[in-house]
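What follows is a short report on a single structure.
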Amino acid sequence: MRADILREKFLDFFKSKNHRIIDSDSLVPKNDPTVLFTPAGMNQFKQEFLSPRPRLKRVATCQRCLRTDDLDKVGKTSYHHTFFEMLGNFSFGDYFKKEAIEFAWEFLTKSLKIKEERLWISVYVEDEESYNLWKDTIKIPSSKIIKLDDKTNFWPQEAKTKGPDGPCGPCSEIFFDRGEKYGCAKENCYPGCDCGRFVEIWNLVFTQFNRKPNGNLEPLPKKNIDTGMGLERLASVMQEVDSNFETDLFVPIIKEITSTSRIDDVNMFRENIYAIADHIRAITFAIYDGVLPSNEERGYVVRKLIRRSIMHIKRIKIKKPFLYKLIPVVARIMKNPYPDLIKRQENISQIVLEEEKNYLSILESSKDLFKEAFAEFLKGKDDEREASRIAFKLYDTYGIPLELTEDFAHKHGFRISYDIFNQLLLNQRRLSQKKSVIENKVFVHKGVEMNIPASKFLGYKLYEAKAKILKIDKVGENFEIILDKTAFYPESGGQIADTGTIEKGKNIFEVLDTQKRDNIIVHIGRFRTGRLKEKDYVLAKIDYKRRISIARNHTATHLLQSALRKVLGEHVQQQGSYVGAEYLRFDFSHFKPLTFNEIRRLEEVVNGYILENDRVIKKEMTLRQAKKLKALAFFEEKYEKKVRVVIIGDYSKELCGGTHLDFTSEIGIFRITGFSSVAQGIKRIEAKTGWSAYEKIKNESDLIQNICEMLNTNQENLLLHLEKRIKRLKELQKTLSNFQLEYIKSSLDKMFLEAEQIRGLRVIFKFIADMDIEVLRKSGDLFRERYSDIVVLLATVFENKLFMIITLGEEAVNKGLDADKIIKEIAGVAGGSGGGRKDFAQGSAPNISNTEKSLHLKLKEIIDRL
C-alpha cells in the first residue's frame, strides 16, 4: 500500500470519527521558543492542550517534522530520519483512553487489515487502566501486553523525576512483530528489545497530569489525547519491506543516487546513500518553509545537512554538484500532499546548487586553509589540544570534516585528538541548545490570565471604540491594558501595530505598541495624564493618519506580489514582509538579480493597478473555499474555521488578516526605493507609497535641479552635458596617469639606490597620494623586471580608501618570501584584505589613518623573520 494511500486512509478514518482534519503546520513553529523545528504533531496544538476552553475538540493531522537528535544514526539504521511525517489524532478534553485505544486498534486491524497476532502492546507500569482496556475491551492476551517504566512509556521521558514542568502522562505503544527471523532469539525478546524484531508503529500519549515545579503530578481538569505514528515506519510494515528506505517514499531518490554514482558495490556505500536520501527531504522541506542555509540557528541546521550530504556524495564518487538534482524527485514523490512543491522546486534547487558550489569551493581550497591555520605546526609545533581546537574551528566555520583535517595532520607529523574535538563539538551543541530552548518547559504559555475572554477586534471597520478595561498591569517602564473590544490592530503578518490613545475624560493613556497573546489583544504604553483602572469604560482611538499610511503600504504589497509574479514568473513566493507607516519591505524567492528594466516594469505594473481604481474586497470564507479560489496562503491561521481573503481585481487573491484600503487609487503613488539580496535565492524590494513616495520623488527632482544649476544647464540637456564632462575627466585622468608613470620610471634607479637593505634584500616603501591604481600595478611590474633582489611596497589613498601593491624580485621569491601572504598580513594592519601570486599581490583597506608608518614597520618585521 503506497504511502499516499496510507496518509489518505488515516485522515479519512478519523474524519469518519468526527475529527477535524487540520493541515500540516510549517516546520518553523510559530510563537514557540522551545524548539527550532516542529518535532511532532502536537506542537501546533500546544495552546489547545493548555486552554480550559479549547476551540477544538478532536483533530487529526499528518504533520511534517524535523529532528536532528539522532543525526549520527541516520543511514545506519532502517528507521532513523531527520525529516518524517507524523500521523496523529488528538483530543482536547473530549474522549480519553478507551476511545483512543479503540480507534487505534480499529484503524490498524480493520482499515489496514494488519493481522491481530502480529501486534503487541506496551503500557506504563503504573497505568492499570490502559492495561485493562487492552486486555478486557480489545481482548489482547496478557502475554502480549508489556509493562515498561517511565523511561520508555511516560511522556515526556522520565518527566516524573526529571521534568520538564507542564502537561504529561503515561503512554501506550503498539508494536508490529516482524517475525522470529528478525529477532535476537533470546528468551526475553519482546517490545523494548533493540534487536529490530519489534517495530514501534504508534504511540498513544494520555496527557492526564500537570507536573508542578515541586515535582508533584496534579490531575488535569481536562484530559487530552496526543498520538503519533510515523508514516515512514507504517509504510515499511504495509509494503512488507525491511527498511523505511525501501518504501516508495525513498526508492525513487535512491535510484537517482545509485544511477549517477560511480560505485560498483552499492551495499558497501548503503549508509551514505541512505543518509543522502534522508537529508534531501529535510533540506527540501526546510527551504520550502522559508529556512535558508546560514550560520545561525535553523539556517545552520540546513547548511549542516547540505554539507554532510555533499561529503556522503563525494564518498560515492560523485564529484560535481548533484544534491540539487534530487529536489525534483522529492517534489514528484510528495506532489499529492504538497502540490505547491512542484512550483517551488526550481527555486529550491537553485538555493541548494549555490550552497553546493560554495562548499565544494571551500573543500578545494582546504589545503590553503590548512596551511594558514596550522602554520606554526608546519614549523614543528606540537600541541595536540591546540591542533584539535583549530580542527574544530575549521569544521565549525567552514564545514571541513575532521577526516580531511586528520589526513593533513598525519602527513605533516602532528596529531589531532578525536576526544578533544568531540568535547568541543558537545560544548557547542549545549550552547546551541541554550540559545534555542529559552525555558525548560514543554509548553511555554505567553498569554495572560486564562480567565480573560478573547478580545473582540473591531478595527477592520472602526477607528475608535468604546470599551471596558478588563486588566491593567505594570510591566517595567510601561503599562499593559486589556480591553473587552478594540480597534487597535496588533502586530501580525509583517504589519506593524497600531498606536493611539485610550481615554476617559482627562485621563489619557498613550498606546505605543499593540500585541496579540493567544487570542487576547494587549495595549502597551504609558500614561500621558491621569490614571485608569480596571472596569473603567474608555474610548480607544487609533492614530488614523498613521493607520491609513500602513494600509496604503499593505495593499501595495499585494499589488507588488501580483506584479512580481506577472513580470518574473509564477515561481515567485513571498518569503517575508514588513508593512510600516513610512515604507514597505517585501522578500521573495527569485534566483537572479533584478535588472533596472525589470524594476521599472514592476513600478509600471503596480502604478497601473493603482490607476485602475479597483475595489479591494475583503471576504471571510472557509480555508477550503479560499484554496478553491487559488488564494495565496502564506500566512493562513491554522486553527480558525474562517479565513479572511483580500481580493483585488482579477489579479490578486491572498489570505490576509491585515488592514487595507477600499480602492487601489487610495495608494496614490508607488515608488521602489531599494533592491537587494538577503540570502541565496531570496531577494528584497523596499518601496514607498502615498505622501512618502511623493516626498521621495520630490527630493529626487530637487537633486536633479540642483545638479543642473551647478553645471549651468537644464534637465533636457543634463545627460549630454554630463557625458561631455565625464569624457573630459577621463582624458585628464589618463594624462595624469601617464605623468605619474613617467615619474616612477625616472625615479627607479634613485629609489633602488636609497632602498633599505634587510637580510640581503633591497626594501622599497613609497606612500604616494592620489596615485591611479593601475599606475601602482604597472610600477610594480617595472621594478620586478629590472631588479631581482628587491621587495617593493607601494601604497596610495584613492577616493578615501587605501590601496597597495607588493612586488618581489626573483631572488626575494627564492629566499622564501610570498607576496600573497605578505599582502594579507600588511592589509590586515589597516583592517583590509588582499591576494595575488608569489611575486605580485595587491590589497585594499578602509582604514587610512596612521597607516604609512605601520605598513612600513610590518613589512620590515616580515622580512626580518626570514
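The values are calculated or read from the model by the stated rules, or taken from the named source; none is laboratory data. Note that the structure is predicted; figures quoted are calculated from it, not measured. As a convention, Cβ positions derive from the backbone with ideal geometry for all residues, glycine included, and neighbour counts pool all protein chains shown. Ligands, DNA and RNA are excluded from the accessible area calculation, which covers all protein heavy atoms including side chains. Shrake-Rupley method; radii C 1.70, N 1.55, O 1.52, S 1.80 Å.
So the values come out like this:
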| item | result |
| --- | --- |
| Residues of segment 243-267 classified as out of contact with any helix residue (DSSP H, G or I) (no Cβ under 9 Å at 6 or more places or on another chain) and over 19 Å from Arg281 (Cβ atoms), total | 4 |
| Number of positions in segment 661-673 that are in contact with an Asp or Glu (Cβ under 9 Å, 6 or more places away or on another chain) and either modelled with pLDDT under 95 or within 15 Å of His558 (Cα to Cα) (or both) | 6 |
| Those residues of segment 361-411 which are more than 23 Å from Lys821 (Cβ to Cβ), open to solvent by less than 40 Å² (accessible area, probe 1.4 Å) and among the aromatic types (Phe, Trp, Tyr), in sequence order | Phe392 |
| Filter result for Ser779 (among the hydroxyl-bearing types (Ser, Thr, Tyr) and crowded, with 22+ Cβ neighbours inside 10 Å) | yes |
| Subset of segment 452-475 (residues that are more than 36 Å from the chain's Cα centre (by Cα) and not basic (Lys, Arg)) | Leu462, Tyr463, Glu464, Ala465, Ala467, Ile469, Leu470, Ile472 |
| Test: residue in segment 173-190 that is under 30 Å from Lys212 (Cβ atoms), modelled with pLDDT of 95 or more and in contact with a strand residue (DSSP E or B) (Cβ under 7 Å, 6 or more places away or on another chain) | yes |
| Segment 451-470, residues that are under 20 Å from Thr499 (Cβ atoms) and open to solvent by less than 60 Å² (accessible area, probe 1.4 Å) | Ser455, Phe457, Leu458, Gly459, Ala465, Ala467, Ile469 |
| Tabulated pairs, segment 14-28, first exposed (fewer than 15 other Cβ atoms within 10 Å of the Cβ), second in a helix (DSSP H, G or I) and of a type outside the set (D, E, K, R), C-beta under 7 angstrom, 6+ apart or interchain | Ile21/Leu11 |
| Residue list for segment 556-595, filter: touching a strand residue (DSSP E or B) at 6+ places or on another chain (Cβ under 6 Å) and more than 21 Å from Gly290 (Cα to Cα) | Ala556, Tyr583 |
| Residue match in segment 563-579 (condition: among the hydroxyl-bearing types (Ser, Thr, Tyr) and within 30 Å of the chain's Cα centre (by Cα)) | yes |
| Residues of segment 845-866 classified as assigned to a helix (DSSP H, G or I) and polar (S, T, N, Q), total | 2 |
| Criterion violated by Ala391 - all others in (1) within 28 Å of Ile420 (Cα to Cα); (2) of a type in the set (Gly, Ala, Ser); (3) touching a residue at least 40 places away in the same chain (Cβ under 8 Å); (4) part of a helix (DSSP H, G or I) satisfied | (3) |
| Condition check for Thr68: touching a residue at least 24 places away in the same chain (Cβ under 8 Å), within 30 Å of Ser309 (Cα to Cα) and touching a strand residue (DSSP E or B) at 6+ places or on another chain (Cβ under 7 Å) | no |
| Subset tally (residues that are of a type in the set (Ser, Thr, Tyr), in a loop (DSSP other than H, G, I, E, B) and either open to solvent by less than 10 Å² (accessible area, probe 1.4 Å) or modelled with pLDDT of 95 or more (or both)) for segment 37-94 | 2 |
| Qualifying residues in segment 715-763 (those that are hydroxyl-bearing (Ser, Thr, Tyr) and open to solvent by 70 Å² or more (accessible area, probe 1.4 Å)) - the one farthest from Thr851 (Cα to Cα) | Ser746 |
| Among the residues listed as Val791, Val829, the single one being touching a residue at least 40 places away in the same chain (Cβ under 8 Å) and not small (Gly, Ala, Ser) | Val791 |
| Of all residues in segment 95-118 being assigned to a loop (DSSP other than H, G, I, E, B) and within 18 Å of Val59 (Cβ to Cβ), the one that is least open to solvent (accessible area, probe 1.4 Å) | Tyr95 |
| Residue that is surrounded by the fewest Cβ atoms within 10 Å (Cβ to Cβ), among those in segment 575-617 that are basic (Lys, Arg) and in contact (Cβ under 8 Å) with a residue 40 or more places away in the chain | Arg615 |
| Residue that is nearest to the chain's Cα centre (by Cα) [pool: residues in segment 804-855 that are open to solvent by 30 Å² or more (accessible area, probe 1.4 Å) and among the hydrophobic types (A, V, I, L, M, F, W, C)] | Val829 |
| Of all residues in segment 320-352 being in contact with a helix residue (DSSP H, G or I) (Cβ under 6 Å, 6 or more places away or on another chain) and in a loop (DSSP other than H, G, I, E, B), the one that is most open to solvent (accessible area, probe 1.4 Å) | Lys335 |
| Scope segment 599-617; condition assigned to a strand (DSSP E or B) and β-branched (Val, Ile, Thr); matching residues | Val616, Ile617 |
| Count of residues meeting criterion [basic (Lys, Arg) and within 25 Å of Leu859 (Cα to Cα)] in segment 730-759 | 3 |
| Filter result for the condition that a residue is open to solvent by 50 Å² or more (accessible area, probe 1.4 Å), at negative phi and within 48 Å of the chain's Cα centre (by Cα), over Lys801, Lys766 | Lys801 |
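For (1) under 28 Å from His80 (Cα atoms); (2) touching a helix residue (DSSP H, G or I) at 6+ places or on another chain (Cβ under 8 Å); (3) acidic (Asp, Glu), each residue gets a yes or a no:
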site: Lys181; (1), (2), (3): yes, no, no
site: Glu187; (1), (2), (3): yes, no, yes
site: Glu200; (1), (2), (3): yes, yes, yes
site: Lys222; (1), (2), (3): no, no, no
site: Asp226; (1), (2), (3): yes, yes, yes
